[in-house]
1. For q values of 0.21, 0.27 Å⁻¹, compute log₁₀ I(q)/I(0) with the Debye formula on a Cα-only model of the range 164-212, without solvent.
2. What list of ³J(HN,Hα) couplings, whole Hz, do you get for the range 103-118 from phi and the Karplus terms 6.51, -1.76, 1.60, once you set θ to phi - 60° and write x for glycine and proline?
3. Could you name the lysines whose alpha carbon sits less than 29 Å from that of LYS157, not counting residues in the same chain fewer than 8 places away?
4. Not counting ligands, DNA or RNA, and with a 1.4 Å probe, what is VAL51's accessible surface area in Å² rounded to the nearest 10?
5. To the nearest 10 square angstrom, how much accessible area does ARG175 have with a 1.4 angstrom probe?
6. Using Cα atoms only, what is the angle between the long axis of helix 263-273 and the major principal axis of the chain, expressed in degrees (0 to 90) to the nearest 10?
7. Could you sort VAL215, VAL64 by accessible area so the largest value comes first, with the probe set to 1.4 Å?
8. Keeping all protein chains in place, calculate the accessible area per residue for the range 57-124 (probe 1.4 angstrom), answer in Å².
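The values are calculated or read from the model by the stated rules, or taken from the named source; none is laboratory data. Since this is a predicted model, take the numbers as computed values, not measurements. Quick note on the areas: whole protein, heavy atoms, side chains included, nothing else; ligands and nucleic acids left out. Shrake-Rupley method; radii C 1.70, N 1.55, O 1.52, S 1.80 Å.
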Amino acid sequence: MQELWDRFVKEQKYVKNVRPRTVEWYGCIWKAFSPHLGQDCATRATLKEAVMKLLEGGLQARSVNGYLSGLNTFQRWGHTEGYFKELLVAPKLKCEVKVISTYSPPQILKVIAWKPTQPSHRRIHTVACVLLDSGMRISEAIGLARGDVDLDNLLIKVRGKGRKERMVPMSFELRKILFRYLQRHAFDSVFATRNGTLPTRRNLTRDFYGLCKRVGIPRHGFHTLRHTFAVNYLRKGGSVFHLQKILGHSTLEMTRRYCNLMTEDLQAVHQSLSLLSGRG
């Protein structure tokens, strides 16, 4: 089983050209499931036992589903290559549907209006503005190069999951911010460190939490900036199909999550439509 898994990962790396982070993720999947799987191949019984052990160990259902997704990819590969006679695809667990966390308009204004003075502060402020204006993932922002930023046409070339490229529009305001920021260093990487290398996600997260503390907003994380962009895009009349392209979602179903309006939206609509509200 270990030999097959290693062969699968090598093929994903060299044939499918997956990212190094995806290869690391496959390593996490194997570490989680390998103690519970059989010598030759997984069975429904061993797979069920593995899922139960992971849940008992404190892993959330959503995280288990992520691991199952990778394991199912391995199972399909093994079946296609003739290693497994039976195509065993593990069903996903039911997850609690949570309200998407976003920053409120006043909180967004605090981030935008913040006036950083130090280089690291200017960098994280620009990162936050890019994510708020474009909805890109933090991993995509980290990989941006100067050549990806088209200030003349207000476009940013983004390299997303699966190494798929897409063009993301930017506002005039973000163009101003990026133009001023890029004048301060000569490195090819947009968000380069002092030595010109790519910043780590860990260090940027630390800097972002510092920004949140300074401006007085909750430190939810980078993905909340992406959620905030998406929800406000739809609130202002943006098309869910255009949003799908901007966010780089492979399916429309992923984008439709943002169509579930926030609680305050539901309350506002209810007040205007309620039969009881119309009675004087």
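1. -1.02, -1.08
2. Each residue of the range 103-118 in turn: 8, 6, x, x, 5, 4, 4, 5, 5, 5, 7, 4, 10, x, 10, 9 Hz.
3. LYS10, LYS13, LYS16, LYS110, LYS115, LYS176, LYS236, LYS245
4. Counting only protein heavy atoms, the figure is 20 Å².
5. 70 Å²
6. 70 degrees
7. Details: VAL215 20, VAL64 0 Å².
Highest to lowest solvent-accessible surface, that is VAL215, VAL64.
8. On the way: 4250 Å² over 68 residues.
Value returned for the range 57-124: 62 Å² of accessible area per residue.
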